[in-house]
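Notes to accompany the following structure.
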Amino acid sequence: MDGKQARKTGSSSALGMIYDHGIDAINAGLLMLPIASALGTGETMKLFLLYGMGFFPFYMQGWEEFYREELVLPVVNGPTEGLLVVMGLCTTSFFHGAEFWQDSIATSPELLQKYSFLPTSYSNFDILALAFAIATICTTACNFIVALPMAEKKENSSAPRALLNLVPFVVFCVSAFCWCFLSQVALQKYAIWTTLLLGSVFVELITHVMLMHICHSYIRPGERYTMWIPLVLAANVAFCPSDGALVDESLLIIPLTLLSIAYSTHRFCMICCEAADALDIFVYRMGKRSAVKKMD
């Protein structure tokens, strides 16, 4: 509503856009912890699934906005209907308890029961996750349908280059999944630190796209430096000789998380300060306003 109000009153600006969406990007990661608590997912890969539901649509919408050169939300979108759904889920958990989402409500068809990697029964959470996955796939398909033709029309751009600009985000998603899936401590013992790490990396990824958009520049895939942190952590557990990791993860997760948070925070604050200087306004500090001359 704040963005709509700013555009309606003619008070919107590039600084307001990046500040508003930057805070939303931070919230996209942190919000997953209370949602996971409300849904009773526990410290399992179900928590990572919630990360994907928050990060994926957000980044793809920002990527589409870069090539479309304006933010056009679909009729059903995350900032409005998505938050209403989240409130509905939390309200349901309040009345029925988090265990409601783990109750089994359906069994797998006999045709699928012969596959050991598929569950034999499905809970309320499984049905909910399937619905969210279908919605995310449909939304992402719409992002591609809209953005790729726009990329062909954009100066110094093309559809293949637009796809290439998605590589950092794909690397982030794949490496984060592999790390959380293979690690024995990422979600089990360091769920909060893992959320902070992945959230801070995501903030750097999406703010770069937003910055290039407001500066009318082009996306630089190689200038997302924190995306390598999940890749390093995934390689640490993937290429170990036996169960465990090459380097003790407890020695890596917290320092790398603090490094990622510090870098992403510094970059975000510098962007806002530079935009504020260009607009001749004050951000993060109080300034002395010039006296207004009274009318006689």
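Within the range 104-125, the set of residues being modelled with pLDDT of 70 or more, touching a Phe, Trp or Tyr at 6+ places or on another chain (Cβ under 9 Å) and surrounded by 13 or more Cβ atoms within 10 Å (Cβ to Cβ) comprises Ser123, Asn124, Phe125. Against the criterion of being out of contact with any His (no Cβ under 6 Å at 6 or more places or on another chain), open to solvent by less than 80 Å² (accessible area, probe 1.4 Å) and under 30 Å from Ser264 (Cβ atoms), Phe169 qualifies.
Total residues in the range 229-264 satisfying the condition of being assigned to a helix (DSSP H, G or I), exposed (fewer than 15 other Cβ atoms within 10 Å of the Cβ) and in contact (Cβ under 8 Å) with a residue 24 or more places away in the chain: the figure is 4. A single member of Thr194, Thr207, Thr136 is modelled with pLDDT under 90, crowded, with 17+ Cβ neighbours inside 10 Å and closer than 29 Å to Leu231 by Cα, and it is Thr207.
As for the range 204-218, it holds at least one residue that is of a type in the set (Asp, Glu), within 16 Å of the chain's Cα centre (by Cα) and within 27 Å of Met32 (Cα to Cα).
Against the conditions (1) farther than 19 Å from Ile23 by Cβ; (2) without any contact (Cβ under 8 Å) to a residue 60 or more places away in the chain, Gly82 satisfies every one except (1). Here Cys273 meets each of (1) assigned to a loop (DSSP other than H, G, I, E, B); (2) in contact with a Phe, Trp or Tyr (Cβ under 9 Å, 6 or more places away or on another chain); (3) at pLDDT below 85 with one exception, condition (1).
Ile281 fulfils the conditions (1) under 20 Å from Ile18 (Cα atoms); (2) modelled with pLDDT under 85; (3) surrounded by 14 or more Cβ atoms within 10 Å (Cβ to Cβ) except for a single criterion, (3). With respect to the conditions (1) open to solvent by less than 40 Å² (accessible area, probe 1.4 Å); (2) under 18 Å from the mean Cα position of the chain (by Cα), Cys178 lacks only one, and its number is (1). Looking only at the range 42-56, count how many residues are among the hydroxyl-bearing types (Ser, Thr, Tyr) and modelled with pLDDT of 85 or more. Number of matching residues: 1.
The values are calculated or read from the model by the stated rules, or taken from the named source; none is laboratory data. Just so we're clear, the structure is a prediction, and the values are computed from it rather than from any experiment. Counting neighbours? That spans all protein chains shown, and the Cβs are built from the backbone with ideal geometry, glycine included. Accessible surface areas use protein heavy atoms only, side chains included; no ligands, DNA or RNA. Shrake-Rupley method; radii C 1.70, N 1.55, O 1.52, S 1.80 Å.
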